[in-house]
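Data block below; observations after.
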Amino acid sequence: MTRPPRSLLASIDQPADLKRLPREQLPELAEELRSEIVRVCSVAGGHLASSLGAVELTVALHYLFDTRHDRIVWDVGHQTYGHKILTGRKDRIDTIRRAGGLAGFTATSESEHDALTVGHASTSLAAALGMALARDARGHDYEVLAVIGDGALTGGMALAALNQIGHVKPRMTIVLNDNEMSISENVGGINHYMRTLQVQPWFQRAEDRGKAALSSVWRPLADVSSRAMKATRRFFDPASANPFHAMGVRYVGPIDGHDVEQLLYYLEKIRHLPGPTMLHIVTRKGKGYKVAESDPITWHGASSFDPAKPVAPGKSYTWANAFGDAADQLARADDRVWVITPAMREGSGLVEYSKRHPDRYVDVGIAEDVAVTVGAGLALRGEKPIVAIYSTFLQRGFDQVIHDVALESLDVVFAIDRAGLVGGDGATHQGVYDLAYLRSVPNVSVGMPKDAVEMRAMLKEAMRLGGPKAVRWPRGGVAPAPEAPVEEWPAIEWGSWEVLKEGSEVWLLGIGPTLGYALEAAGDDPRVGVINARFVKPLDRDLLLAKAKGAEALVTVEDHTVVGGLGSAVLEALAEAGVQVPVRRLGIPDVTVPHGDPKAQHEELGYGPKAIARVLNELGVGVAPKLLTR
Ligand code: HTL
Ligand code: MG
């Protein structure tokens, strides 16, 4: 699609250009930004709906603040397409989320206008507090703002930071961008409360001073929630009932977050106030793009689409779907089975499950720590919880894995999705540490299936055995397992490996998607064997030692950091047994990995099929790398 001619946006290279526009033109600029975001996402995919909902806010912020000095801390960073376009990156915006291109979230290494490197939710408030403390300690006068969504505000980190902000009271602005949506419908008590919020005294005084424009904002909003609101009003003084206010943070709002004038008016007022102020703005996720407005869940993260005929591309069957189907069967077979998700119903394949088993489905909000410990509580009362969580987000629940689950070896199954490199989301979202951090915890064991049938077998066995058991799988497609009730699922011995191809000299030990690579690189060389090392803890020690003795070399292959992963586990086991054999560990070296195409990255990082073939060739076996077509 060619770029339509643009007037205002074309004249803006840096925020300074924007500041020269007359205020009346800002809504028009917001509209241009909106179409540009639609165009970019239609080509490259990305976080369309969140970015569309934030364009007026973005324009207002850059009109008032100077992000060369002032710090705007965007939470998650997925709503910043407009911010990137306005801050010197419009010529590169088409590269977003692709190898070598702009990151999908903000990154301090990418631009001086980005205050934080981020991707996980709920971090903005603590980071902004730190920045405000640093500013005040040095006697500087730049401004600090955090922009946080209603979803991100469900995270304990955000709430704990708010509590501290209300205690320390630094001068800062918190923009609460409330669109009533996380990726799916938002959850939680504060979310319910926000629906009842009404104009506060401070706000009303401003109106009394003759700001007639205000009433057009709050009256319609008041009508939406008038019943709940009246009930609240009857019993409480609204100011003292406001939880933000009670925490020590001045609360202003709600106002219409799509009205640039309103935004400018309030932001300008607030910036001069002492202490912390929260401006509650109400926006619509997907605003201005019909399909995204009416279905913000589908269009939260879009793949490329035709803007003339915007239909979300049909999705092929994924590992997440395989998990959702398995969880459904497990819950049918045993009424003690529960599934807990920290705000990832869609991504974790749980839409169907949540409808079929609403009483044994819990969305705790963006609170992975809570998800893990709710699992512990359920297990302590004899239920059988499955905590469904992405590898990268389980990092947020690591202490809970140790302290709340592992110490007493509770029966909690961790269903870990997005294990491995994840593509466009990049460095913040890579699922490449879980083997290392889970392996270090006593009582916890972890497996990675090669296909959906093996996944089911592992989940079933994990639930049967009890104790903290993790099963992990990658992002992307998998062939569905034949539909069958749990009794008919094949059994698997927990901790057993499987020889996929016999060999004599060199053994490739792979897990999950690297097995396909290993088989390719081995070709039909009878000297090269391939083992599905599907349990990383416990390892299949007997099989490992049997193959290691007499082997020329072992090569481990994992889509995970080599620091503490499968290769490390193998080396430890060999050292303990006193077996001397050369071991090559292929996987992610001790570096962070940015956004890009995972398959290409596997090759670049040294564990794609060609890279494995090169290592085999150095050992005098395997297929010549140039014969590999992929
Ligand atoms: N858990 C954590 C700790 N971080 C992230 N980023 C997620 C899960 C996944 N996630 C997002 S965006 C998002 C979630 C749950 C919803 C955020 O809702 P919010 O913003 O109301 O804050 P909105 O989308 O504009 O409505 C990403 O990974 C991008
Ligand atoms: Mg939201």
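Starting from the Cα of residue 541, step 7 Å toward the Cβ, then list every residue of the range 469-500 with an amide N under 20 Å from that point.
469-470, 493-499
For the chain, report the accessible area per residue in Å² (1.4 Å probe, heavy atoms, rounded to an integer).
39 Å²
Which FRET efficiency value, to the nearest 0.05, is calculated for residue 465 and residue 524 with the Förster distance at 35 angstrom and r the Cβ-Cβ distance?
Efficiency, from the Cβ-Cβ distance: 0.40.
Per-residue ellipticity at 222 nm for the chain, helices alone: DSSP H runs ≥ 4 residues times -39500 (n - 2.57), over residue total, nearest 500 deg cm²/dmol?
Taking each H run of at least 4 residues, the total per residue is -11000 deg cm²/dmol.
Taking all protein chains as present, what is the carbon and sulfur share of the accessible area of the range 563-630, in % to the nearest whole number, probe 1.4 Å?
The computed percentage sits at 54.
List nothing, just return the count: lysine pairs in the range 319-488, 8 or more apart or interchain, with Cα separation under 16 Å.
For the range 319-488, qualifying lysine pairs total 4.
At what distance in nm do the modelled label points of residue 624 and residue 43 sit from each other, each positioned 7 Å from its Cα along Cα→Cβ?
4.1 nm
Rounded to whole Å, give me the distance from the Cα center of the range 105-145 to that of the range 272-347.
Here the two parts' Cα centres lie 27 Å apart.
Between residue 617 and residue 272, what FRET efficiency follows from the Cβ-Cβ distance if R0 is 60 Å, with the result rounded to 0.05?
Working: r = 68 Å, r/R0 = 1.14.
Once the sixth-power term is evaluated, E becomes 0.30.
Check which residues have an amide H placed less than 5 Å from residue 412's amide H, if you skip close sequence neighbours.
So residue 412 has HN proximity to 467, 469.
In percent, what relative contact order does the chain have, based on Cα pairs under 8 Å that are 6 or more apart in sequence? Let's see the in-between values first.
On the way: 1322 pairs, mean separation 68.5, N = 630.
It rounds to 11 percent for the chain.
So how much slack lies between residue 64 and residue 395, counting 0.36 nm per residue of separation and subtracting their Cα-Cα distance, in nm?
Full extension of this stretch gives 115.5 nm more.
Quick check: net charge around residue 271, other residues with Cβ under 14 Å of its Cβ, Lys/Arg +1 and Asp/Glu -1? Spell out each step's value before the answer.
Details: positive: 71, 135, 171, 250, 269; negative: 66, 70, 141, 143, 268.
Here the charged neighbours net out to 0.
Calculate the spin-label point distance for residue 599 paired with residue 380, positioning each point 7 Å from the Cα along the beta-carbon direction, and give it in nanometres.
4.8 nm
Beta carbons within 10 angstrom, averaged per residue: use that to sort the peptides 468-480, 84-96, highest first.
So the peptides 468-480, 84-96, ranked by packing, come out 468-480, 84-96.
Rounded to the nearest 20 debye, what is the charge dipole size of the chain about its Cα centre when +1 sits on each Lys and Arg Cβ and -1 on each Asp and Glu Cβ?
In debye, rounded to 20, the chain gives about 1140.
Among all the lysines, which ones have a C-alpha under 23 Å from residue 90's C-alpha, if same-chain residues fewer than 8 places away are not counted?
19, 285, 287
Taking residue 626 as the anchor, which lysines have their alpha carbon closer than 16 Å to its alpha carbon, excluding any fewer than eight residues away along the same chain?
Hits, sequence-local ones excluded: 610.
Cα gyration tensor of the range 319-488, axes a ≥ b ≥ c as square roots of the eigenvalues: rounded (a/c below 1.5), prolate (a/b > b/c) or oblate?
The shape class here is rounded.
Excluding same-chain residues fewer than 8 positions from residue 269, which lysines have a Cα within less than 17 Å of its Cα?
211
Treating the angle as unsigned and between 0 and 90°, give the value, to the nearest 10°, between the Cα long axis of helix 55-64 and the longest Cα principal axis of the chain.
Relative to the chain, helix 55-64 is tipped by roughly 60 degrees.
Please give the length that would be gained between residue 133 and residue 493 if that part of the chain were fully extended, namely 0.36 nm times their separation in residues minus their C-alpha to C-alpha distance (nm, one decimal).
124.2 nm
Leaving ligands, DNA and RNA out of it, report the carbon-plus-sulfur percent of the accessible area of the range 44-196 at a 1.4 Å probe.
Answer for the range 44-196: carbon and sulfur cover 52 percent of the accessible area.
Answer with one residue from 365, 341, 302: the one whose Cα lies farthest towards the positive end of the charge dipole of the range 291-423, charges on Cβ with Lys, Arg +1 and Asp, Glu -1.
The Cα lying farthest towards the positive end belongs to 302.
Report Rg/Rh for the chain, rounded to two decimals, where Rg is the Cα radius of gyration and Rh the Kirkwood radius.
That ratio is 1.01, to two decimals.
Counting only protein heavy atoms and using a 1.4 Å probe, what share of the accessible area of the range 319-488 belongs to carbon plus sulfur, as a whole percent?
On the way: 2970 of 5930 Å².
The nonpolar share, carbon plus sulfur, comes to 50 percent.
Quickly rank 283-292, 534-543 as a protection proxy: mean count of other C-beta atoms within 10 Å, highest first.
With the highest mean Cβ count within 10 Å placed first, the list reads 283-292, 534-543.
Full extension from residue 141 to residue 92: what is 0.36 nm times the residue separation minus their Cα-Cα distance, to one decimal in nm?
Numbers: separation 49, 0.36 × 49 = 17.64 nm, distance 3.18 nm.
Here the segment from residue 141 to residue 92 would lengthen by 14.5 nm.
What FRET efficiency would be calculated for the residue pair residue 31, residue 549, taking the C-beta separation as r and a Förster radius of 60 Å, to the nearest 0.05?
Given R0 = 60 Å and the Cβ-Cβ separation, E is 0.30.
For the range 545-630, just say rounded, prolate or oblate: build the C-alpha gyration tensor, square-root its eigenvalues into a ≥ b ≥ c, call rounded for a/c under 1.5, and beyond that prolate if a/b exceeds b/c, oblate if not.
It is oblate, given that a/c is not under 1.5 and a/b is not larger than b/c.
Could you tell me what percent of the DSSP beta bridges with both partners in the chain are antiparallel, to the nearest 5? List each step's numbers first, then the result.
On the way: 9 of 64 bridges.
So the antiparallel bridges amount to about 15 percent of the total.
All other residues with a Cβ under 12 Å from the Cβ of residue 343 taken together, and with Lys, Arg as +1 and Asp, Glu as -1, what is their net charge?
Around residue 343, the charge tally is -3.
By average Cβ neighbour count within 10 Å, what is the ranking of 385-394, 137-146, 67-76, 401-410 from highest down?
Ranking, from highest mean packing down: 385-394, 67-76, 401-410, 137-146.
The values are calculated or read from the model by the stated rules, or taken from the named source; none is laboratory data. Just so you know, these numbers come straight off a predicted model, no measurement behind them. Note that each Cβ is placed from the backbone with ideal geometry, even for glycine, and that neighbours are counted across all protein chains shown. Heavy atoms of the whole protein, side chains included, go into the accessibility calculation; ligands, DNA and RNA do not. Shrake-Rupley method; radii C 1.70, N 1.55, O 1.52, S 1.80 Å.
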